[in-house]
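Worksheet: one structure, shown below.
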Amino acid sequence: MHILRTYLTLTCATLLLTGFSWGFGTDPCKEALEKAASLEEIQDDAQMRQAEADTIAMCPDGAAAHFVTALQLQRVGNLDGAVAEYRKALRQERSFARASGNLGLLYAQKGMNDEASVELSRGLSAVQNPLYHKAIARIFAERKVYPLAIYHFNEAGKELTRDASIFASLAEIYSEMGQPDKALEEYRRALTANPGYEKAYVGSATIYIQRNNLDQAIEQLKKVEAANPQNREAHLLLADIYEKKGDAKQSEYHKLLGGKGKAIPEAPVKPTQQVAATENNKELEYLKSAAKENPGDVANYEKLGDIYRAAGKDAEALDAYREAAHLNSTKSDVYLNLGLLYEKKSQFDEAVVAYKRAIKVNPGNAEAHLRLGDIRYSRGVLAEAAVHYSEFLKLKPESPDIHLKLARIFAKSKETTLAIASYNSVLAYSPNDADANREIAALYKAKGDNEKAISHYKRVLALHKDDSEVRTALVSIYVKNKQYDEITALLKEAAEINPDDPNNHYKLGLIHDFKKDYESAEASYKKAIEIKPDHARSLNALGRLYMKAGKLSEAKETLEAAKKADPTMEETSVLLNNIRDEFNPEPHKISKGKKGKIKKSKKGSKKSKSSKTTKKTSGGKKTKKK
């Protein structure tokens, strides 16, 4: 009894310690949903990718897997693909709030405000995401539903404290509602969040102009001019202010900078180009002297760089932009232009630093992302290149050439799903891109999705009938699928397109041979030999065909020609030996084993004879005794 009790105790301990589930197993798809919902909390890229892979592995066909795929597609700028995946996730799990919210963000980005408001509301019913609040607030603001817009902007601003656009949007709403004091307060909050936010300065200046506080308006607009001298709205507002103040010269100057200055008279003495050159020279001299007088004024160097670069004076432009960068210019294009000039001099390390600074000042500088991505791609730093190409595509999605670069990075990195999605983005904008069709077909073929591979390979052949690699790839799929008629059609077409290539006729002969259409096979082999008399494989195949038909003399002659053309072909030697055996059969030799048997049989017969003789003699003796 004691032994039994001990045994049962050990059994219980084993079950507990080994994690026995007692029949109450967890649902992996439910766990995957919970894991997917917490993905946005992960900051590290490597951890994020691992968590995404784990989520998909837990429930590969579930809502969570579609959600993760959507996130990945969204990250690389494939918005249409992401929308489709979010929809799939919601078809399987309609209450998946994060999928609804994220889908709503994409709808809002596409201008589908009705659909966006529905999905964002569903998302916010379970998840208080500030981005959802911000997106739905914009929709309400556009529809002039101001109380709801104010509520959602305020909710978004509680977490997105550095997002100046939220407070500027609130200020615009208060202005529309006739509450300028509240509007100014929100513009101040916007400038606290981002001291260089031009829209807040312009908005504040507009309110001051309405109140006839012109000096305060000028103060705000001068800050815009210092940060971005090309801001036309600021210049036009300054022009209006100076006109009100009676300063016609300043008013005309700012109108000119704002793009509304007086046209140059048609009957002057000098041509337009000379006038422009003179003006540039005057401005150049003015800026040079201004830079000497006030070397800490970054705006002078920024303008100098622009003028020198426009005139093709790269060395002078480089010096000016360097000085502006040294003074911590807040203009992203200064660093972009600096990077471009470094690239022209093949100083790629310096260019990388400049592009990074351009992006730091303005993360929305698409050109800087593209240039940095190109340099990283050329140096084989694929992960970083993918990041910058993805950022570029978020800003300029209608760029099939960059989608193609991104697709190739994913293909090299064995990220097949993302690669296929990127290739499809290329084809959405450029369906007849031969490279994209060829490369996506290879990925589908590797995945075993032969139907899609065939479709894309056919599209390539429709564009380039002479693409032998694609034709070979198609043939290999058809061979695997045992689609012999399709193989025959492809090989016939190849022979027609390039009739002087003996290999095309040889391959066509092989398929005819396989289909037992020996007459057509013979014609194809002979055509290959006619083009190239020493085409060893065609000679060998024709010789083999003659052997099947019993034409041994012709077979021998053809196979000997094949052996002469390529002495290393083993099959030719084997076939020739078989023919020689047919012509000269060797006599059958008696083996030693058989001789031994014959000798033994002879001995046996002798023994039998001697025994008979003995019997006879013994019989005779007995008769004598009688």
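Tabulated values for the structure
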item: Residue count, the stretch 487-524 (criterion: acidic (Asp, Glu) and either crowded, with 16+ Cβ neighbours inside 10 Å or within 22 Å of residue 549 (Cβ to Cβ) (or both)); result: 5
item: Hits in the stretch 52-62 (condition: surrounded by fewer than 23 Cβ atoms within 10 Å (Cβ to Cβ) and touching a Lys or Arg at 6+ places or on another chain (Cβ under 8 Å)); result: 54, 58
item: Per-region count, the stretch 407-454, residues in contact with a Gly (Cβ under 6 Å, 6 or more places away or on another chain) and part of a loop (DSSP other than H, G, I, E, B); result: 0
item: Subset of the stretch 289-343 (residues that are over 19 Å from residue 358 (Cβ atoms) and surrounded by 21 or more Cβ atoms within 10 Å (Cβ to Cβ)); result: 300
item: Filtered residues of the stretch 171-188 (kept if among the small types (Gly, Ala, Ser) and assigned to a loop (DSSP other than H, G, I, E, B)); result: 178
item: Helices (runs of 4 or more DSSP H) contained in the stretch 75-167 and holding at least 3 residues within 25 Å of the chain's Cα centre (by Cα) and buried (at least 19 other Cβ atoms within 10 Å of the Cβ); result: 79-92, 97-109
item: Matching residues, the stretch 375-409, being crowded, with 21+ Cβ neighbours inside 10 Å, hydrophobic (A, V, I, L, M, F, W, C) and in contact with a His (Cβ under 8 Å, 6 or more places away or on another chain); result: 392, 393
item: Failed criterion for residue 390 (all others in (1) touching a residue at least 40 places away in the same chain (Cβ under 8 Å); (2) among the small types (Gly, Ala, Ser); (3) within 20 Å of residue 229 (Cα to Cα) hold); result: (3)
item: All positions within the stretch 219-236 that are of a type in the set (A, V, I, L, M, F, W, C) and within 17 Å of residue 197 (Cα to Cα); result: 221, 224, 226, 227, 234
item: Considering residues of the stretch 205-217 that are in contact with a Phe, Trp or Tyr (Cβ under 9 Å, 6 or more places away or on another chain) and buried (at least 19 other Cβ atoms within 10 Å of the Cβ) only, the residue modelled with the highest pLDDT; result: 207
item: Top-ranked residue in the stretch 71-109 [being acidic (Asp, Glu) and closer than 22 Å to residue 420 by Cβ; ranked as modelled with the highest pLDDT]; result: 85
item: Flag for residue 33 being assigned to a helix (DSSP H, G or I), at pLDDT below 80 and on the phi < 0 side of the Ramachandran plot; result: no
item: Residue 171 small (Gly, Ala, Ser) and surrounded by fewer than 16 Cβ atoms within 10 Å (Cβ to Cβ); result: no
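The values are calculated or read from the model by the stated rules, or taken from the named source; none is laboratory data. Keep in mind it's a predicted model, so treat the numbers as computed, not measured. A quick note on method: Cβ atoms are made from the backbone with ideal geometry, for glycine too, and the neighbour counts reach across all protein chains shown.
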